[in-house]
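The values are calculated or read from the model by the stated rules, or taken from the named source; none is laboratory data. Just so it is clear, the model here is predicted, and its values are computed rather than measured. FYI the Cβ positions are ideal-geometry reconstructions off the backbone, even for glycines, and counts take in every protein chain you see. Ligands, DNA and RNA are excluded from the accessible area calculation, which covers all protein heavy atoms including side chains. Shrake-Rupley method; radii C 1.70, N 1.55, O 1.52, S 1.80 Å.
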Amino acid sequence: GAYPFDYTQEDRKDLAPYLETGPQGPLFDAIKAKLPKAEERSVDFLVNANQIVQNAVSYLVRMEPGVQDPEETLEIGSGSCRDSAWLLVHLMRHSGLAARFVSGYLIQLTPM
């Protein structure tokens, strides 16, 4: 499929919780402005969005509980995988794509 696309009215109703977002901040708005605007394949849009986040945020092992706000992650310039994922979720939602945060976990079989 191509981006941008519209959900049917019925799908939009079911996906409403995954489209919900609010104002973020100036750093978020600046990164959102880097997202492609022209119609393109959905896969290409998603790859571009992931690359933008990867270039903006360094990976950091963060043992503290919770998730940083997208603006905080951009201010710091680093975050755990969950922080980058939450930023990406809000970029998707601001772009009209339903997105959901699902937590995972890391199994470390050998000491680092």
Residues of segment 80-97 being outside any helix (DSSP H, G or I) and more than 13 Å from PHE28 (Cβ to Cβ), in sequence order, are SER80, GLY96, LEU97
| Are any of the residues in segment 55-62 touching a residue at least 12 places away in the same chain (Cβ under 8 Å), surrounded by 15 or more Cβ atoms within 10 Å (Cβ to Cβ) and either in a helix (DSSP H, G or I) or touching a His at 6+ places or on another chain (Cβ under 9 Å) (or both)? | yes
Per the filter on segment 13-45, residues under 13 Å from LEU97 (Cβ atoms), surrounded by 13 or more Cβ atoms within 10 Å (Cβ to Cβ) and either more than 19 Å from the chain's Cα centre (by Cα) or touching a residue at least 40 places away in the same chain (Cβ under 8 Å) (or both) are LEU15, TYR18, LEU19, THR21, LYS32, LEU35, SER42, PHE45
Just one listed residue, out of GLU75, GLU71, is acidic (Asp, Glu), at pLDDT 95 or above, open to solvent by less than 60 Å² (accessible area, probe 1.4 Å) and not in a loop (DSSP other than H, G, I, E, B), and it is GLU71
